[in-house]
C-alpha cells in the first residue's frame, strides 16, 4: 500500500499559541515530529497540513506542506482535506505535539491498513495516576483486536475488585491506554468526515467514537510506548530533559 503520513499543525493553540514553532532543544517542535516520522519505513512521504503561513514557511524547509481551510473543526478534517488531493491508499494521522514519537509505532499503525479500514495504537497502563485520569483515554478490544469502545472513564469496571486500590486493579486486568495516532484507508477517511458529530463523540469529546457509531471497525495495535506530548510551555523543559538523558 502507498501510505502517507500527515501531521496537522495549527498556530492558534489555546494553551500554547504558536506551539509547532516552539523550540525544543534548539529545534522547532514540528520539525522534530516530522523527522521522527520520516524514519518510518511504511510511509512514502510525510506532509504537514496547516492553515498558517508561519508554519508553512518553516515546515517547507524539511517536508512537503499542504495549506488547508482555517475553519476545520478538527485535525481529522484537516487531514481529510489533504488526503482528498492525494493519490494514495492510506493515511496515518500523526499528532504534531509528540517530538519523541517512535517511528515503529507509526509503522505498526500503517501496516495494519492492508487488512483494516482504520487503525490506531494502545499501550498498557502501568501508572495508578493514569488509571482515573480523564485525559488518559482508555480502550477495550475484542478477541480479534478490534476496538469495542473508547472512554475517558476507566473501562472495564472490575466488579469484584472495585473496592481495591488502583494499583491492585491494574494488576488484576490489562487496562489499555489509547495513543492519539490513527491510520485510515483513504476512502474510509473521506467517508468518515462526512458523518455528523455523533452522540457518543459529543459526550466523550473523542472523534474515534464517530467511526464506531457509524459501523467503521478500528483495529487496535498493542505497543510498548509512552508518549510525551507538549501541551503547555512547561512541557518543553520536560522533553528537553528526556532528550539529554537519552541522546535522542
Once residue 86 and residue 27 are pulled to full extension, the length gained, defined as 0.36 nm per residue separation minus their Cα-Cα distance, is 18.4 nm
Contour minus Cα-Cα span, residue 153 to residue 224, at 0.36 nm per residue, comes to 23.4 nm
Rounded to the nearest 5, the percent of antiparallel DSSP beta bridges in the chain equals 50
Protection proxy (average C-beta count within 10 Å per residue), highest first, orders 37-45, 64-72, 162-170, 1-9 as 1-9, 37-45, 64-72, 162-170
Restricting to Cα pairs under 8 Å and 6 or more apart, the percent relative contact order of the chain works out to 23
Taking r as the C-beta separation of residue 2 and residue 160 and R0 as 41 Å, the FRET efficiency to the nearest 0.05 is 0.25
Of 220-229, 141-150, ordering from highest average Cβ density within 10 Å down gives 220-229, 141-150
Taking Cα atoms, the helix 234-246 axis meets the longest principal axis of the chain at an angle in degrees (rounded to 10) of 90
For 94, 216, ascending order of other Cβ atoms within 10 Å (fewest first) is 216, 94
In a Gaussian network model of the chain with springs linking alpha carbons closer than 10 Å, the residue among 238, 159, 61 that fluctuates most is 159
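No value in this document is a laboratory result; all are computed from the given coordinates. Everything quoted here is computed from the prediction, not taken from an experiment. Neighbour counts are summed over all protein chains in view; Cβ atoms, including those assigned to glycine, are modelled from backbone coordinates with ideal geometry.
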